[in-house]
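The values are calculated or read from the model by the stated rules, or taken from the named source; none is laboratory data. Keep in mind that this is a model prediction, so the values were computed, not measured. Cβ coordinates were reconstructed from backbone atoms using ideal geometry, including for glycine residues, and neighbour counts include every protein chain displayed. Each accessible area value is taken on the protein alone, full model and side chains, heavy atoms only, with ligands, DNA and RNA left out. Shrake-Rupley method; radii C 1.70, N 1.55, O 1.52, S 1.80 Å.
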Amino acid sequence: MTRHDQDQAQTAKLKPGYAQKALSPQHLLDAPLPELLAELDVTLGESSITDPSFTGAAVVTQDRVILSMRPGQPDSERDAVARALLGRVLDVPLSPLPEPHRMSEV
């Protein structure tokens with residue numbers, strides 16, 4: 001995800017049953033992020049992209065979601081972007097991020 005452009009997320013279809021229980025918007029937004037990532041077996045790591053306009057990306061394989069975030073990113077931005085990316089790849093309805101953030105699939 002970039003602030004001024006669109007994110008670069010690679011997506012594939014997750015295996016049926018990846019997220020067995022439906023993830024509600026409330027749970028996605030309220031659960032502590034480390035617990036949410038563990039619950040969903042999501043890996044969050046730092047990207048090699050250091051451009052300040054890059055905020056994050058999600059890579060989805062058949063059985064895994066990997067979030068990649070910019071090094072040095074403020075915690076509040078990292079948290080919001082991680083939740084937005086998870087909502088997108090897991091089809092959880094959320095309000096769009098505020099401008100200048102934009103999301104797209106590649």
Residues within segment 56-79 that are in contact with a Leu (Cβ under 9 Å, 6 or more places away or on another chain) and assigned to a loop (DSSP other than H, G, I, E, B), tallied: 5
Just need a number here: residues in segment 51-66 that are open to solvent by less than 50 Å² (accessible area, probe 1.4 Å) and within 16 Å of Arg102 (Cα to Cα). 6
Could you list, ordered by first residue, the pairs with Cβ atoms under 8 Å in which the first is in segment 86-103 and within 17 Å of Thr61 (Cβ to Cβ) and the second is among the small types (Gly, Ala, Ser) and open to solvent by less than 90 Å² (accessible area, probe 1.4 Å), at least 6 apart or interchain? Leu86/Ala58; Arg88/Ala9; Arg88/Ala58; Val89/Ala9; Val89/Ala58; Leu90/Ala19
Within segment 85-106, which residues are hydroxyl-bearing (Ser, Thr, Tyr) and open to solvent by 100 Å² or more (accessible area, probe 1.4 Å)? Ser95
Whether any residue in segment 3-11 is at pLDDT below 90 and either open to solvent by less than 50 Å² (accessible area, probe 1.4 Å) or part of a helix (DSSP H, G or I) (or both) is what I want to check. yes
When Ala82 is run through (1) in contact with a helix residue (DSSP H, G or I) (Cβ under 9 Å, 6 or more places away or on another chain); (2) surrounded by 12 or more Cβ atoms within 10 Å (Cβ to Cβ); (3) in a loop (DSSP other than H, G, I, E, B), the failure sits at (3)
Specify the residue that is farthest from Val81 (Cα to Cα); the eligible residues are those in segment 31-50 that are loosely packed, with under 11 Cβ neighbours inside 10 Å and in contact with a Ser or Thr (Cβ under 9 Å, 6 or more places away or on another chain). Ser48
